[in-house]
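The values are calculated or read from the model by the stated rules, or taken from the named source; none is laboratory data. This one's a predicted model, so the numbers in the text were calculated from it and none came from an experiment. Neighbour counts are summed over all protein chains in view; Cβ atoms, including those assigned to glycine, are modelled from backbone coordinates with ideal geometry. These accessible areas exclude ligands, DNA and RNA; they are computed on the full protein's heavy atoms, side chains included. Shrake-Rupley method; radii C 1.70, N 1.55, O 1.52, S 1.80 Å.
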Amino acid sequence: MVRAPRIDAGPTEAEWAAAVAAVRDLPDAGRVLLICHVNPDGDALGSMLGFALGLRALGVRELQATFPGPPEVPEPFRGLPGLDLVVPAERAYPDPDLVICFDAASESRLGDLFDRLGRAEHALVLDHHASNTRFGTVNLVDPFAAATSVVAEQLLTRLGGALDASVAECFYVALATDTGSFRFDATTPAVHEMAARLLATGIRPGEISRRIFDTRPYGAVRLHADVLTRTRFEPESAAGLGLVWTYATLDDLARYGQRPYVLEPLIDSIRCTAEADVSCLVKQTGEAEWAVSLRSKGGVDVSRVAIALGGGGHRLAAGFTGRGSATDVVDAVRAQLPSALLGIEDQG
Ligand code: AMP
Ligand code: MN
Ligand code: MN
């Protein structure tokens, strides 16, 4: 079984101080490149754009935000403030003075943009994955933070930055995304306190949630129906805790003229299966390549499964890139489940 080192404490005061110094010591007209993980979700984009807007308000002028892969921002996020700072990966500063990474647990999540870290004087890593590989020169990794935006807000505050409504909207989208709209156990008093600070700027949570979570094209509604029809439930898998899974192909997307990100909410439609602890959504991204989402209700540490298969994530939500056919990918997941069971003492 592959066991990655796990981070079990938040940043030290020395790490916060080093991060603050890296920003404060920027030369005049220093170029700052912000990078979030491939296939960006609400936390990746929200923490990156909120922090970028905060830096701009602090007077940083040379700023770019980017992510690897096609420079396409998923439709639900196209109303986010700060998108004017986003550039395609190939146009990102080749030699930035400072690189700041958001929500990426490992180098592999940054694709070809990873080379920028070696060229900059400082590379800050802001993240909340316990599996983070600490690939920056300064690593602000808090495994107890509900979202990377929690870490980003703290750093911005330490820099003397203020929360305006634009920064707050970005951080709110990030926080709402990673807490499942304040439903998961990560929703601590501190999360609600942060949400209160963000809402106090006047942002509209109803309007934001409708746009981010509750709006999709009719074609996506039909596509979801097709994918859910082929859901399979395996009561014996995961030592009897149960596995539920389904898959979506590129043909499915083409049939309804939909983009890949419309598949993201589908994991929530299968993970509600009462009889299964583990859920798995296999989304085709290439000829024999699949983006895999894993969720658990507490019986299995799915990050162990994902790490063993080359990916990463959190105990109850993880993912990896699968190869072969959809059934090959599910076979690989099923085979890993027995070694990822959580004992009673691990649950909580
Ligand atoms: P998702 O199922 O895409 O929502 O991802 C769930 C969690 O797994 C997130 O915390 C991701 O950062 C992580 N994750 C997903 N895919 C990968 C991957 N290919 N490599 C590393 N971590 C991943
Ligand atoms: Mn993410
Ligand atoms: Mn996150």
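Scanning the stretch 144-166 for residues that are open to solvent by 30 Å² or more (accessible area, probe 1.4 Å) and at pLDDT 95 or above gives PHE144, GLN154, THR157, ARG158, GLY160, LEU163, ASP164, ALA165, SER166. Of the residues making up the stretch 110-131, those that are open to solvent by 10 Å² or more (accessible area, probe 1.4 Å) and within 11 Å of ligand 3 (Cβ to nearest atom) number 1.
Look at the stretch 48-69 and say how many of its residues are part of a loop (DSSP other than H, G, I, E, B) and either surrounded by fewer than 24 Cβ atoms within 10 Å (Cβ to Cβ) or free of Cβ contacts under 8 Å to residues at least 24 places away in the same chain (or both).
Filtering the stretch 48-69 for residues part of a loop (DSSP other than H, G, I, E, B) gives 58-61, 67-69.
When the remaining residues are screened for being either surrounded by fewer than 24 Cβ atoms within 10 Å (Cβ to Cβ) or free of Cβ contacts under 8 Å to residues at least 24 places away in the same chain (or both), the result is 58-61, 68-69.
Looking only at that region, the number is 6.
Is there any pair with a first residue in the stretch 307-333 that is open to solvent by 30 Å² or more (accessible area, probe 1.4 Å) and a second that is assigned to a helix (DSSP H, G or I) whose Cβ atoms are under 6 Å apart and which are 6 or more apart or on different chains, and what are they? Short answer, once both residue conditions are applied: ALA308/GLN336; LEU309/ALA332; HIS314/SER303; ARG315/SER303.
Considering only the stretch 93-109, state which residues are charged (D, E, K, R) and open to solvent by less than 40 Å² (accessible area, probe 1.4 Å). Let's see the steps before the verdict.
At the first step, the residues of the stretch 93-109 found to be charged (D, E, K, R) are 95, 97, 103, 107, 109.
If the condition is that a residue be charged (D, E, K, R) and open to solvent by less than 40 Å² (accessible area, probe 1.4 Å), then ASP103 is the only one that fits.
Taking the stretch 1-20 on its own, how many of its residues are out of contact with any Asp or Glu (no Cβ under 9 Å at 6 or more places or on another chain) and either modelled with pLDDT under 95 or closer than 12 Å to ILE307 by Cα (or both)? Let's see the steps before the verdict.
Looking only at the stretch 1-20, we keep the residues that are out of contact with any Asp or Glu (no Cβ under 9 Å at 6 or more places or on another chain), and these are 1-6, 8, 12-20.
Checking which are either modelled with pLDDT under 95 or closer than 12 Å to ILE307 by Cα (or both) leaves us with 1-6, 8.
Counting residues in the stretch 1-20 that are out of contact with any Asp or Glu (no Cβ under 9 Å at 6 or more places or on another chain) and either modelled with pLDDT under 95 or closer than 12 Å to ILE307 by Cα (or both) gives 7.
Can you go through PRO96, PRO76, PRO143 and tell me which one is in contact with a helix residue (DSSP H, G or I) (Cβ under 9 Å, 6 or more places away or on another chain) and part of a loop (DSSP other than H, G, I, E, B)? None of the others qualify; the one that does is PRO96. Scanning the stretch 1-47 for residues that are open to solvent by less than 70 Å² (accessible area, probe 1.4 Å), within 16 Å of ligand 1 (Cβ to nearest atom) and more than 26 Å from GLY82 (Cβ to Cβ) yields a count of 2. Within the stretch 14-30, none of the residues are farther than 18 Å from LEU159 by Cβ and part of a helix (DSSP H, G or I). Do you know which residues across the stretch 99-136 are touching a Cys at 6+ places or on another chain (Cβ under 9 Å), of a type outside the set (Phe, Trp, Tyr), within 11 Å of ILE35 (Cα to Cα) and in a strand (DSSP E or B)? Listed by number, the residues that qualify are CYS101, ALA123, LEU124, VAL125, LEU126.
Go through the stretch 146-173 and give me each residue that's in a loop (DSSP other than H, G, I, E, B) and within 13 Å of ligand 2 (Cβ to nearest atom). Write out each step before concluding.
First, the residues of the stretch 146-173 that are in a loop (DSSP other than H, G, I, E, B): 146-147, 159-164.
ALA146, ALA147 - these are the residues of the stretch 146-173 that are in a loop (DSSP other than H, G, I, E, B) and within 13 Å of ligand 2 (Cβ to nearest atom).
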